[in-house]
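What follows is a single structure, written as structure tokens, with notes after it.
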Amino acid sequence: MAKKHPIHFLITAGGTREYIDPVRFISNASSGRMGYALARAAIAAGHKVTLVSASDLQPPVGTDFVGVDSAAEMFAAVKKFFTKCDCLIMAAAVADYTPARPAKAKIKSAKGGLTIKLKPTADILKWAGKRKRGNQIIVGFALEEKNLRMQADKKLKEKNLEMIIANTPTVIGAAKASVEVKGKSSAWLSITDVSKSAIANRIIRLIEQMAVTAGD
Ligand code: CTP
């Protein structure tokens with residue numbers, strides 16, 4: 001059997017915060033638990049982890065922790081650490097839009113409505129998919145309401161990933177979850193109704209197998 005080498009993981013977690021003014025932000029319901037579970041599973045298996053986190057959860061022991069707020073900050077951190085990592089896992093729920101012109105001072109309440117103009121953020125996963133070197137492994141997540149496998153497969157190809165983990169919005173905040181996993185050249189695998197740490201362990205094992213093949 002091939003010897004297991006430590007893998008340097010770059011993992012993102014949590015929902016980014018897009019500030020409207022210094023005290024208000026737009027975010028999403030992601031807790032960061034899946035990304036943290038992956039970080040813990042990787043550390044427990046003897047790997048190195050850089051965790052770029054937009055979550056308020058306590059940094060897992062043993063990770064190199066980088067705290068961020070916004071999608072732009074997360075992108076800057078991924079750019080900084082990407083070349084040195086063997087595997088990027090984008091478990092974060094990155095905002096697709098951010099305020100076009102965040103106010104420098106707290107917005108005062110006034111009569112009538114308030115309209116905030118949003119602009120798209122950069123797709124970090126797509127950026128990484130375009131720049132990866134030969135044996136780097138890139139793993140993405142897909143949160144889909146319907147046509148789970150079809151939509152996720154599209155993302156796998158379009159973003160040039162080695163693996164996609166697809167789930168439905170019911171996974172957000174839940175203790176147990178079910179996910180569908182597909183490698184670039186393998187069939188779909190269902191991991192159903194287990195804890196996020198059990199899912200994370202399975203995913204790290206799958207990536208280890210991929211890394212052995214890629215490095216051979
Ligand atoms: N992602 C990213 N940068 C963004 C948005 C998403 O890197 N600006 C990553 C997420 O971390 C996740 C994957 O892309 O790994 C899929 O995110 P998802 O929101 O499901 O897909 P989108 O490509 O944004 O498409 P849509 O929301 O239209 O389904």
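On average, how much accessible surface per residue is there in segment 53-176, in Å², for a 1.4 Å probe, leaving out ligands, DNA and RNA?
For segment 53-176, the solvent-accessible area averages 60 Å² per residue.
Among the GluC sites (Glu not before Pro) within segment 107-216, which fall in a DSSP loop and have no more than 15 other Cβ atoms within 10 Å of their own Cβ?
Glu145
Per residue, what volume in Å³ does the convex hull of the Cα atoms of the chain enclose?
Dividing the Cα hull volume of the chain by its residues yields 136 Å³.
Need one number: nm distance between label points at Ser195 and Lys108, each 7 Å from Cα along Cα→Cβ, rounded to one decimal.
5.3
Is there a quick way to get the dipole size of the chain? I mean about its Cα centre, with the Cβ of Lys and Arg at +1 and of Asp and Glu at -1; what is the value in debye to the nearest 20?
For the chain, the charge dipole is close to 500 debye.
Lys/Arg Cβ at +1, Asp/Glu Cβ at -1, dipole of the chain taken about the Cα centre: which of His5, Ala29, Ala198 is farthest positive-ward?
Toward the positive end, the furthest listed residue is Ala29.
With n ≥ 4 as the cut-off for DSSP H runs, can you work out [θ] at 222 nm for the chain, using -39500 (n - 2.57) per run divided by the number of residues, rounded to the nearest 500?
Result for the chain, helices only: -9000 deg cm²/dmol.
Hand me the trypsin sites (Lys or Arg not before Pro) from segment 1-77 located in a DSSP loop with no more than 11 other Cβ atoms within 10 Å, in residue order please.
Lys3
Where both residues lie in the chain, what percent of DSSP beta bridges are antiparallel, nearest 5?
Percentage antiparallel, nearest 5: 40.
Heavy atoms only, probe 1.4 Å: what % of the accessible area of the chain goes to carbon and sulfur, would you let me know?
Exposed carbon and sulfur together represent 54 percent of the surface.
Below 30 Å, Cα to Cα, which lysines can Lys111 reach? Residues fewer than 8 away in the same chain don't count.
Within reach: Lys119.
My understanding is that a pair violates if its Cα-Cα distance is over 18 Å; which of Lys79/Lys104; Lys130/Lys157; Lys126/Lys146; Lys155/Lys176; Lys159/Lys184; Lys80/Lys104 do that in this structure?
Result: Lys79/Lys104; Lys126/Lys146; Lys155/Lys176; Lys80/Lys104 exceed 18 Å.
Using alpha carbons only, what's the Rg to Rh ratio of segment 1-127 with Rh from Kirkwood?
1.08
The values are calculated or read from the model by the stated rules, or taken from the named source; none is laboratory data. In this text the structure is predicted, and so the values were computed from the model without any measurement. Note that we place each Cβ from the backbone using ideal geometry, even for glycine, and neighbour counts take in every protein chain shown. All accessible areas refer to the heavy atoms of the entire protein, side chains included, with ligands and DNA or RNA removed. Shrake-Rupley method; radii C 1.70, N 1.55, O 1.52, S 1.80 Å.
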